[in-house]
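As structure tokens, the structure follows; a few thoughts come after it.
Please treat every number below as a calculation from the coordinates, not as lab data. This structure is a prediction, so every number in the text was calculated from the model and none was measured. Here the Cβ is made from the backbone with ideal geometry for all residues, glycine too, and neighbour counts use every protein chain on show.
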Amino acid sequence: MRRFGHEPLEGYVSPQRFLQTDGIEVLARSAEAVFIPYDQVRAVYFVRQFGESPDRNQRKVFASRPKLGGLWVRMRFLDGEELEGVIPNDLRIMGEHGVTLTPPDSKGNTQRVFVPSRALDTFVVMGVIGKPRLRTRQQPVLEPAAQLPLFSEQPVQA
């Protein structure tokens, strides 16, 4: 977790319950519970392993159009730094506290980033990325066959 004006804090959060009404609850690596108000939180990084800074050696913008389906967004933090990512194309996920996105570097240490809305100066949708369509082999158009005779052409005599 990065905070404005503070050292980064390494710890564990429950992805389903870390967002409280007034801030974020973190279990620090020293096994103490820490509560941080939203106005101090810059971003919460969900990483594969601790030890290295989530911002170091991590791309912050996409080199080209993203391949993930969703909304391609660009955020500018209050300190002027920018971060791009992809969020699902469902505005119901836009919580009242912030948004969780997938960062540009899918092979990097950071898997997801939660950004509180209070930490943002601007939030811009760069594009809507659709999921690639599956290429299906087109079936050849068959000419309709002649109608089979169901009744004989000659009347039946009784």
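Less than 15 Å Cβ to Cβ from VAL124, Lys/Arg counted +1 and Asp/Glu -1: what total charge do the surrounding residues give? Residues close to VAL124 contribute a combined charge of -1. In terms of the mean number of neighbouring beta-carbon atoms within 10 Å, the peptides 18-24, 71-77 order highest first as 71-77, 18-24.
Amide H to amide H distances under 5 Å link MET126 with TRP72, VAL73, ARG74, where only residues 5 or more positions off or on other chains count and H is placed in the peptide plane. Quick one: grab the alpha carbon gyration tensor of region 1-130, order the square roots of its eigenvalues as a ≥ b ≥ c, and give me rounded if a/c is under 1.5, else prolate or oblate depending on whether a/b is larger than b/c. It comes out prolate by the Cα gyration axes. 3J(HN,Hα) along region 102-107, derived from phi through the Karplus expression 6.51 cos²θ - 1.76 cosθ + 1.60 where θ = phi - 60°, amounts to 9, x, x, 8, 6, 9 Hz, with x in place of Gly and Pro. Our coupling estimate for region 11-21, obtained by passing each phi through the Karplus curve with A = 6.51, B = -1.76, C = 1.60 and θ = phi - 60°, is x, 10, 10, 7, x, 8, 10, 6, 8, 9, 5 Hz, Gly and Pro reported as x.
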